[in-house]
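*Asks:* One structure, pasted below without further comment.
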Amino acid sequence: MRTAPASMDAVSRERSYRSRLPEALLDAFNTNNRINQYLIDSLPTTAWRAKPMDGKGRTIPAIIAHMHNVRVMWLKVAAKGSKIPAQLNRAKVTPSRALQAMEQSRYALSVVISNAMEHDGRIKGFRPDVAGFLGYLIAHDAHHRGQIAMLARQLGYPLTQKALFGMWEWGSR
């Protein structure tokens, strides 16, 4: 019995993964959100309540509220008429409310992303396409996770080494 050349196996594997790419992209977005949750869960309560040293700039809750509120802003553009989560109040948000809101906006955006991948690949109000949008969302969250880690350290409440390394463990989150 003849077997297919090795290059055919590679082509088959490539086609197979290509068919799973939409699911893999959504998995990446979901993992990104779990990393956000992990960060929020890892923050000491004292860091959550601390004010920036010079009295200027965002607090940790304000940064997290901003992360969620930007998602809501995109939902208002790209998903008009659908159920859109409420914005967070940056001065009053608690860790548990932030976790709940981030999950709500993750879910709503996952629906928008899935619909775009099933149709023409476009997100209303965003260019170039759904892949770019997904990259934008993940980059935005990652940027602010870095800000939060730095701010917690500057305020005297650094994240543990376990938490800092844990944010990079995408394979286990």
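*Asks:* Being crowded, with 20+ Cβ neighbours inside 10 Å, out of contact with any Cys (no Cβ under 7 Å at 6 or more places or on another chain) and at pLDDT 95 or above: is that true of Asn33 here?
*Replies:* yes
*Asks:* Within the group Glu103, Glu118, which residue is acidic (Asp, Glu), within 16 Å of the chain's Cα centre (by Cα) and farther than 17 Å from Gly81 by Cα?
*Replies:* Checking each option against the conditions leaves just Glu103.
*Asks:* Suppose we filter Pro128, Pro85, Pro61 for residues that are within 18 Å of the chain's Cα centre (by Cα), of a type outside the set (Lys, Arg) and either exposed (fewer than 14 other Cβ atoms within 10 Å of the Cβ) or not in a helix (DSSP H, G or I) (or both); which single one remains?
*Replies:* Only one candidate passes the filter, namely Pro85.
*Asks:* Another question about this same structure. If Ser110 meets every condition in (1) under 24 Å from Pro85 (Cα atoms); (2) crowded, with 17+ Cβ neighbours inside 10 Å; (3) not aliphatic (A, V, I, L, M) apart from one, which number is that one?
*Replies:* Answer for Ser110: the failing condition is (2).
*Asks:* Another one. Answer with yes or no whether Pro85 is over 26 Å from Lys51 (Cβ atoms) and in contact with a Ser or Thr (Cβ under 6 Å, 6 or more places away or on another chain).
*Replies:* yes
*Asks:* Can you pull out every residue in the range 34-58 that is outside any helix (DSSP H, G or I), more than 20 Å from His140 (Cα to Cα) and among the basic types (Lys, Arg)?
*Replies:* Lys51, Lys56
Residue-wise test of (1) of a type in the set (Gly, Ala, Ser); (2) in a loop (DSSP other than H, G, I, E, B); (3) closer than 22 Å to Asp27 by Cα; (4) without any contact (Cβ under 8 Å) to a residue 60 or more places away in the chain.
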site: His68; (1), (2), (3), (4): no, no, yes, yes
site: Val77; (1), (2), (3), (4): no, no, no, yes
site: Gly81; (1), (2), (3), (4): yes, yes, no, yes
site: Ala91; (1), (2), (3), (4): yes, yes, no, yes
site: Met102; (1), (2), (3), (4): no, no, yes, no
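*Asks:* Also: Quick test for you: out of Gly121, Gly146, pick the one residue that is of a type outside the set (Val, Ile, Thr), outside any helix (DSSP H, G or I) and either surrounded by fewer than 19 Cβ atoms within 10 Å (Cβ to Cβ) or out of contact with any strand residue (DSSP E or B) (no Cβ under 6 Å at 6 or more places or on another chain) (or both).
*Replies:* Gly121
The values are calculated or read from the model by the stated rules, or taken from the named source; none is laboratory data. These numbers come from a predicted model, not from an experiment. All Cβ positions, even for glycine, are placed from backbone atoms using ideal geometry, and neighbour counts span all protein chains on display.
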